[in-house]
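Working notes for the structure below.
The values are calculated or read from the model by the stated rules, or taken from the named source; none is laboratory data. This structure is a prediction, so every number in the text was calculated from the model and none was measured. Cβ placement follows ideal geometry from the backbone for every residue including glycine, while neighbour counts extend to all protein chains displayed.
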Amino acid sequence: MQTKKIGNNGPQVSVIGQGTWYLDRGDRKAAVAALKRGIDAGMTHIDTAEMYGDAELVIADAIVGRRDELFLVSKVLPSNASRRGTVTACERSLKRLKTDRLDCYLLHWRGTYPLAETVAAFDDLIAAGKIRSWGVSNFDTEDLDELLDVAGEGKIACNQVLYHLQERAIEHAVIPWCEQHGVAVVAYSPFGHNDFPSPSSKAGTVLQSIAEKHKATPRQVALSFLTRLPSVLTIPKASNADHATENAAAGMLRLSGDELAALDAAFARGPKPRSLPML
């Protein structure tokens with residue numbers, strides 16, 4: 001499994017991690033088995049959030065005895081992101097995850113509380129040993145500029161944003177901003193939201209052809225393409241162990257320059273949108 005650094009001074013983290021949105025909606029035993037298989041395969045970066053229902057409880061079952069192997073991330077809802085509320089939400093997540101610390105804690109999206117309050121809470125949590133770093137999710141460049149003014153350089157570990165083959169808006173400005181400031185980009189929903197390219201579509205045939213050359217799957221090729229840039233990691237979800245194994249194998253897949261160019265042409269980046277896409 002390839003690894004990349006999270007933040008200026010952060011650890012090396014598996015480039016393919018494990019997302020958990022909706023993981024609590026299906027077979028719990030299968031979800032736990034998928035997470036365990038993923039960890040075994042090197043996907044030690046696990047992402048969750050207080051918004052994700054009982055996903056934190058599912059993770060707690062999967063990571064028993066393995067906490068020290070992991071880079072564990074959760075998120076605070078904007079409605080809870082006051083200075084006191086952020087600390088309370090973090091403590092609640094720690095209890096549900098049955099751990100004493102998070103490796104990174106994120107503001108899920110921009111809300112009404114001043115960023116200075118949330119950052120102060122993050123600093124409090126670091127001082128207390130309850131989190132090791134912090135970041136944000138769904139932040140566009142204007143939000144990142146304001147956050148940088150509040151926190152200063154070197155404090156923002158990552159920005160978690162929507163990124164898949166058919167939604168490449170972050171390439172216009174968000175990724176360049178993050179690379180300039182040493183902020184990791186974590187791509188969520190890397191297969192889209194029930195709209196992964198059909199093999200019968202024009203772009204899908206390009207994806208399929210490249211996958212066949214590597215004896216890989218189209219989804220593995222998609223993950224490899226998304227993580228081609230030095231700042232980008234991704235967190236696909238797997239609902240069963242076989243899917244986890246498939247996702248993890250993408251962490252060793254290398255695409256050629258010609259293959260990357262073919263995918264770039266097939267899945268056009270499009271114009272810069274007026275606002276940052278998010279789910």
- Task: Collect the residues in region 154-187 that are assigned to a strand (DSSP E or B) and surrounded by fewer than 22 Cβ atoms within 10 Å (Cβ to Cβ), keeping them in residue-number order.
- Result: LEU162
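Can you find a residue that is over 30 Å from LYS98 (Cβ atoms) and in contact with a helix residue (DSSP H, G or I) (Cβ under 8 Å, 6 or more places away or on another chain) anywhere in region 122-135?
No; the residues of region 122-135 include none that is over 30 Å from LYS98 (Cβ atoms) and in contact with a helix residue (DSSP H, G or I) (Cβ under 8 Å, 6 or more places away or on another chain).
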- Considering only residues that are at pLDDT 95 or above, assigned to a loop (DSSP other than H, G, I, E, B) and under 23 Å from the mean Cα position of the chain (by Cα), look in region 192-228 and name the one that is farthest from ILE39 (Cα to Cα). ARG228
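The rows are residues; the columns are (1) within 21 Å of ASP24 (Cα to Cα); (2) polar (S, T, N, Q); (3) free of Cβ contacts under 8 Å to residues at least 12 places away in the same chain.
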site	(1), (2), (3)
VAL232	no, no, no
ALA250	no, no, no
LEU253	no, no, no
GLY257	no, no, yes
ARG269	no, no, no
PRO273	no, no, no
LEU279	yes, no, no
